[in-house]
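Encoded as structure tokens, the structure appears first; notes follow it.
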């Protein structure tokens, strides 16, 4: 196994240590990176872990928790110190990406509330959550198929909206490209869009928004 050149100073620049993207790594490389980051910072977030990597991480870092649905592994989930983020998902098939977004935001110290099964084929579902959603300082919206949900939410809420297209859907959904294009072309003003299935990017972006003190201007 080649030596790892980890960025152990990222927390000083960004306020959070390097995150391990486990896809493409061997089990040994994933464990080595997580153990070293844990030794340096006392906390770890790994994303896109295979079952064998999660099993190896459980043995190496028994204080951690494996999240099988999203393939995440966490050590040292902090007590929330920032505001509330809402994670809205269209359907159950979007839950792995929604969970990745939630865990990323939680590791950054955000409070997170999840709202599942809010797809546009039943608009009454998102409507009944609006009072609760208006309490969030940022809203992550996760959807596949035609990707319309962020436009609906973005037209109803004043908080920053971060849209996450997922690779869920048949045929012309094209592995999430239809949802991605729809979100980029949203008529709701100011919707921010991350890459397909990028729950991590959405969670990190939302935490950046919340980490900026209220009233700060450039």
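Read-outs: derived from the displayed coordinates by stated rules, not from any lab. Note that the structure is predicted; figures quoted are calculated from it, not measured. Positions of Cβ are backbone-derived with ideal geometry, glycine not excepted, and every protein chain shown enters the neighbour counts.
Quick one: compute a quarter of the convex hull surface over the Cα atoms of the stretch 47-101 and quote it in nm².
Details: hull surface 17.5 nm².
The Cα convex hull of the stretch 47-101, projected and averaged over all directions, gives 4.4 nm².
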Fill in: Per-pair calculated FRET efficiency, R0 = 30 Å: residue 21 and residue 187 via Cβ, rounded to 0.05
0.35
Fill in: For a label point 7 Å along the Cα-to-beta-carbon line of residue 59, residues of the stretch 33-50 with backbone N under 15 Å
35
Item to complete: May I ask for the angle, rounded to the nearest 10°, between helix 27-41 and the longest principal axis of the chain, with both axes built from Cα atoms and the value confined to 0 to 90°?
Response: 90
Worksheet, complete the sentence: Residue separation between residue 39 and residue 132 times 0.36 nm, minus their alpha-carbon distance, gives in nm 29.6 nm
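With each run of n ≥ 4 DSSP H residues scored as -39500 (n - 2.57), what mean residue ellipticity at 222 nm is computed for the chain after dividing by its residue count and rounding to the nearest 500 deg cm²/dmol? Display every interim value, and only then the final one.
Values: 9 runs with 79 residues, N = 218.
Calculated from helices alone, the mean residue ellipticity at 222 nm is -10000 deg cm²/dmol.
What ranking do 24-32, 37-45, 119-127, 91-99 get when scored by the average of other Cβ atoms within 10 Å per residue, highest first?
Details: 24-32: 16.7, 37-45: 18.4, 119-127: 14.2, 91-99: 22.0.
Ranking the peptides 24-32, 37-45, 119-127, 91-99 by packing returns 91-99, 37-45, 24-32, 119-127.
What is the Cα convex hull volume of the chain when expressed per residue in Å³? Could you put the intermediate results ahead of the total?
Working: hull volume 28.6 nm³, N = 218.
Enclosed volume per residue, from the Cα hull, is 131 Å³.
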Worksheet item: Label points 7 Å out from Cα along the Cβ direction at residue 177 and residue 69: separation in nm?
Response: 3.0
Worksheet, complete the sentence: Exposure-ranked with fewest Cβ neighbours within 10 Å first, 89, 81 stand as 81, 89
Item to complete: Could you state the angle between the C-alpha long axis of helix 51-60 and the longest principal axis of the C-alpha atoms of the chain, as a value from 0 to 90 degrees rounded to the nearest 10?
Response: 50
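Can you tell me, using C-alpha contacts under 8 Å and at least 6 residues apart, the relative contact order of the stretch 84-211 as a whole percent?
Details: 304 pairs, mean separation 36.6, N = 128.
Relative contact order, the stretch 84-211: 29 percent.
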Worksheet item: What's the FRET efficiency of residue 13 with residue 79 using the Cβ-Cβ distance as r and R₀ = 30 Å, to the nearest 0.05?
Response: 0.80
Response to the item:
Rh_Kirkwood(the stretch 10-75) over Cα pairs, Å, one decimal, evaluates to 11.5
Worksheet item: Tell me, how many Å apart are the Cα centres for the stretch 145-218 and for the stretch 27-72?
Response: 28
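Which whole-number percent is the relative contact order of the chain (Cα, under 8 Å, 6+ apart)?
Values: 463 pairs, mean separation 33.1, N = 218.
Normalised by residue count, the contact order of the chain is 15 percent.
Calculate, for residue 121 and residue 4, the FRET efficiency according to 1/(1 + (r/R0)^6) with r their C-beta to C-beta distance and R0 45 Å; round to the nearest 0.05. Before the final figure, lay out each step's value.
Details: r = 46 Å, r/R0 = 1.02.
Here the calculated transfer efficiency is 0.45.
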Practice prompt. For helix 95-107, report the angle its Cα long axis makes with the longest principal axis of the Cα atoms of the chain; keep it between 0 and 90° and round to the nearest 10°.
Written response: 60
